[in-house]
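Have a look at the structure below, then the notes.
The values are calculated or read from the model by the stated rules, or taken from the named source; none is laboratory data. Everything quoted here is computed from the prediction, not taken from an experiment. Reconstructed Cβ throughout: ideal geometry from the backbone, glycine too, with neighbour counts over all protein chains shown. Just so you know, the surface numbers come from the protein's heavy atoms only, side chains and all, with ligands and any DNA or RNA stripped out. Shrake-Rupley method; radii C 1.70, N 1.55, O 1.52, S 1.80 Å.
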Amino acid sequence: MLRPAMATVNDLSLRQLQYVVAVADTLGFHKAAARCHVSQPTLSAQVQQLESVLGVVLFERDRRRVLVTAAGEELVRRARRVLLEAEDLVAAATRAGDPLAGTLRVGVIPTIAPYLLPEVLPAVAERYPRLRLQFREEKTSAVAQELAEGHLDAGLVAAEAELGEHAAEVLAKDPFLVAMPKGHPLARRKRVQLTDLDDQPVLLLDDGHCLRTQALALCSRAGAAESAVRATSLATLAQMVSGGLGITLLPSIAVPVENRRGQLEVRPLAPPAPSRTLTLIWRPRSPLAAALRALAATLRDALAAR
């Protein structure tokens, strides 16, 4: 243990904390120096200076290895937290000048992500060249929870799901279509009535998908029977239908992708056709609210131009 010193925040630097975290991550001063793009003597001197100021030995080192001491474990954890807060401070300052610059963390549900994002990202990149969208694909409940906890800045979801208290901008309506295998009797109709699904085996997604809840409610209204077989994705669902295991309800944005080989017969439902509402959500008191409304407008325009 080093002799305790009367340390103050003026005796510390973020650079020293970065060096300490790098050594803890790599368990080597040479590797840590390379990671931080400095010489090893410079890094070693800064770590030793920090140890002297704190009065604590952070690392046990010899010629063969480097270990983090018991006291060092706690201080390294705190150093990580300080560095993360510093990064958040810089990000907040960047957004204060231009909220649509830097990184925006967006949660998106699996029944939207592969179908909507390729359609709208070129327009977003053109409109906001300094914006970096970081997407995380999760089920609706996880998106809502991570948004509430501050791990996400926004979410792309269906408004019909249970979302909690969030601000929202509607992007588009997404009608449901009936998908069936080739040669199915319902394929002879231009439009399918909900009552036509009576006693039909309908394939649905697995539990946890909000699309399953919506489709299940429609099946209940129509008197349709849910198939015992469930799918974990719309891609699997489409393959099972093409194999003759039943029919299903697909959101319209998914059809161009999941029926790109023309292996399915797809028909609209008769008016009033059921649909889901594609929505961008965020925390009600988010400082990014104005910027997210502007982003929603860009997304809405891009979808309308499809």
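Name every residue in the range 13-57 that is charged (D, E, K, R) and either open to solvent by less than 30 Å² (accessible area, probe 1.4 Å) or farther than 18 Å from Ala71 by Cα (or both), in order of residue number.
Arg15, Lys31, Arg35, Glu51 - these are the residues of the range 13-57 that are charged (D, E, K, R) and either open to solvent by less than 30 Å² (accessible area, probe 1.4 Å) or farther than 18 Å from Ala71 by Cα (or both).
Restricting the search to the range 159-176, which residues are at pLDDT below 90 and aliphatic (A, V, I, L, M)?
Ala159, Ala161, Leu163
Can you work out which of the residues in the range 146-180 that are charged (D, E, K, R) and part of a strand (DSSP E or B) is surrounded by the fewest Cβ atoms within 10 Å (Cβ to Cβ)?
Out of the qualifying residues, it is Lys173.
Just a yes or no: is a residue in the range 121-141 over 21 Å from the mean Cα position of the chain (by Cα) and without any contact (Cβ under 8 Å) to a residue 12 or more places away in the chain?
Yes, because at least one residue in the range 121-141 is over 21 Å from the mean Cα position of the chain (by Cα) and without any contact (Cβ under 8 Å) to a residue 12 or more places away in the chain.
Give me the pairs, please: first residue somewhere in the range 178-194 and among the polar types (S, T, N, Q), second residue anywhere and part of a strand (DSSP E or B), beta-carbon distance under 8 Å, and either six or more positions apart or on two chains.
Gln193/Leu269
Only one of (1) closer than 26 Å to Ala297 by Cβ; (2) in contact (Cβ under 8 Å) with a residue 60 or more places away in the chain; (3) touching a helix residue (DSSP H, G or I) at 6+ places or on another chain (Cβ under 9 Å) fails for Ala159. Which number is that?
(3)
Looking at (1) open to solvent by less than 60 Å² (accessible area, probe 1.4 Å); (2) in contact (Cβ under 8 Å) with a residue 24 or more places away in the chain, which is the only condition Arg80 fails?
That leaves (1) as the condition not met.
Pairs only if they're at least six apart or on different chains, beta carbon under 7 angstrom, first in the range 281-306 and over 24 Å from Lys173 (Cβ atoms) and in contact (Cβ under 8 Å) with a residue 60 or more places away in the chain, second of a type in the set (Phe, Trp, Tyr) and surrounded by fewer than 16 Cβ atoms within 10 Å (Cβ to Cβ); list them, first residue then second.
Close Cβ pairs (under 7 Å, with a partner that is of a type in the set (Phe, Trp, Tyr) and surrounded by fewer than 16 Cβ atoms within 10 Å (Cβ to Cβ)) do not exist here.
Check Leu218, Leu250, Leu237 and return the single one that is in contact with a helix residue (DSSP H, G or I) (Cβ under 9 Å, 6 or more places away or on another chain), in a helix (DSSP H, G or I), at pLDDT 80 or above and farther than 26 Å from Leu147 by Cβ.
Leu237
Using the structure shown, decide if Ser286 is polar (S, T, N, Q) and open to solvent by 30 Å² or more (accessible area, probe 1.4 Å).
Spelling it out, it is not the case that Ser286 is polar (S, T, N, Q) and open to solvent by 30 Å² or more (accessible area, probe 1.4 Å).
Please tell me if Val143 is hydrophobic (A, V, I, L, M, F, W, C), surrounded by 15 or more Cβ atoms within 10 Å (Cβ to Cβ), modelled with pLDDT of 95 or more and outside any loop (DSSP other than H, G, I, E, B).
No; evaluated as a whole, the condition is false for this residue.
I need the full set of residues from the range 83-123 which are surrounded by 15 or more Cβ atoms within 10 Å (Cβ to Cβ) and either of a type in the set (Gly, Ala, Ser) or modelled with pLDDT of 95 or more (or both), in order please.
Passing the criteria: Ala101, Gly102, Val106, Gly107, Val108, Ala113, Ala123.
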